[in-house]
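> Questions regarding the structure given below will be posed in turn.
No lab work stands behind these numbers, since they all come straight from the coordinates. This is a predicted model, so every value here is computed, not measured. Because the Cβ atoms are built from the backbone with ideal geometry, glycine has one as well, and the counts that use them run over all protein chains shown.
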Amino acid sequence: MTGPDILQVRHVFKAFGGLQALSDVSFSVPRRGIVGLIGPNGSGKTTLFNAVSGFFPPDRGEIVLDGRPIAGRPAWTVARRGLVRTFQVIRVFGQMTALENMLVAAPGLDARAEKERALALLGRVGLSRHANEYAADFSYGMTKLLEFARVLMPGPSLVLLDEPAAGVNPRMRETLWSIVRESREAGTTFVIIEHDMNVMMTLCERLTVLNYGEVIAEGAPEEVRRNKDVVEAYFGKTAERAER
């Protein structure tokens, strides 16, 4: 443990051609916290996840994980250092069973321990009876749950979740958020992109808000909800006028 923040992003920029996707983005993630990353569509949330997790390097800026710089490091190196993620577009192996998908992400235990851990995680997301079924035969919601279970398989220190509950039925959605809370109590830190603001307001201790690739607000959920820049980003200036 090197400090209170497990992740620090400092003055990060990223452009694609003439599009400035991230502009001077800075924020921090407290250890064992649940942080929400919110903003309108196209605000740069997934781009920021991609830069932090090593899927492409930032043009400028620093990204520090547990006191070690990771900006520009490949995704596999970042994952080995304890940062893993899910994706908006699901990435599971359709021609493998759910159990085989889990074992791909095994943390290097003996085979019996790996299988026990995989089955336990599948059980937590309600997929234990589907462990030997091919992922290609799963519904969209089931596949999202499989991806979520798999990302926990290696026992990561920091997990980035990109809309993990999209397409998941309400009952399992609550289960998913319960697992996030339980995992946080066990020492895992989460940064979550999620469009359900009611969930974000109750689940997260801290929110960071992006708009047009810039951080426009950061703080406790109630503080962020009252921020005029945030209201305008989501609803336009008419919302501010309507409140008067």
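> Explain nothing, just the number: relative contact order of the chain, from Cα pairs under 8 Å at least 6 residues apart, as a whole percent.
Once normalised by length, the contact order is 25 percent.
> With a ≥ b ≥ c taken as the square roots of the eigenvalues of the C-alpha gyration tensor of the range 155-227, please select rounded if a/c is under 1.5 and otherwise prolate if a/b is larger than b/c or oblate if it is not?
Values: a/c = 1.76, a/b = 1.43, b/c = 1.23.
Taking the square roots of the gyration eigenvalues as a ≥ b ≥ c, the range 155-227 is prolate.
> Please turn the phi angles of the range 57-64 into ³J(HN,Hα) values with the Karplus equation 6.51 cos²θ - 1.76 cosθ + 1.60 (θ = phi - 60°), one per residue in order, whole Hz, x for glycine and proline.
After applying 6.51 cos²θ - 1.76 cosθ + 1.60, I find x, x, 5, 8, x, 10, 10, 10 Hz.
> Hey, another quick one. With charges set only on the Cβ (+1 for Lys and Arg, -1 for Asp and Glu), what does the dipole of the chain come to about its Cα centre, in debye to the nearest 20?
240 debye
> To continue, here is another question. What is the percent of Cα-Cα separations in the chain that go past 31 Å?
Percentage above 31 Å: 24.
> Toward the positive end of the charge dipole of the chain, about the Cα centre and with charges on Cβ (Lys, Arg +1; Asp, Glu -1), which of A98, A15, G167 goes farthest?
A98
> Among G108, L119, L37, which residue has its Cα positioned farthest towards the positive end of the charge dipole of the chain, with +1 placed on the Cβ of Lys and Arg, -1 on the Cβ of Asp and Glu, and the dipole taken about the Cα centre?
Looking along the dipole axis, the top candidate is G108.
> Percent antiparallel among DSSP beta bridges with both residues in the chain, to the nearest 5?
Values: 21 of 36 bridges.
Antiparallel bridges make up about 60 percent of those DSSP assigns within the chain.
> Next up: Distance between the C-alpha centers of the range 65-84 and the range 116-188? Whole Å please.
Cα centres, the range 65-84 to the range 116-188: 22 Å.
> Amide H neighbours of E133 under 5 Å, at least 5 residues apart or on other chains, H built in the peptide plane: list them.
Counting only residues 5 or more places away or on other chains, the set is A98, L99.
> Determine the distance separating the Cα centre of the range 196-234 from the Cα centre of the range 16-36; give it in Å without decimals.
The distance from the Cα centre of the range 196-234 to that of the range 16-36 comes to 13 Å.
> Let me ask you something else. Pop out the ³J(HN,Hα) list for the range 193-202 in order, Karplus 6.51 cos²θ - 1.76 cosθ + 1.60 with θ = phi - 60°, rounded to Hz; leave Gly and Pro as x.
Using θ = phi - 60°, the values come out as 9, 7, 8, 7, 5, 4, 5, 5, 5, 9 Hz.
> So, one more: Let me make sure I get this right: for the range 58-166, a, b and c are the square roots of the gyration tensor eigenvalues over alpha carbons, sorted descending. Under 1.5 in a/c it's rounded, otherwise prolate if a/b > b/c, else oblate. Which is it?
Prolate, because a/c is 1.5 or more and a/b exceeds b/c.
> Output the pairs from K14/K144; K14/K115; K115/K144 with a Cα-Cα distance over 32 Å in this structure; if there are none, say none.
Among K14/K144; K14/K115; K115/K144, the Cα-Cα distance tops 32 Å for K14/K115.
> How large is the helix-only mean residue ellipticity at 222 nm for the chain, computed as the sum of -39500 (n - 2.57) over DSSP H runs with n ≥ 4, divided by its residue count, in deg cm²/dmol to the nearest 500?
-10500 deg cm²/dmol
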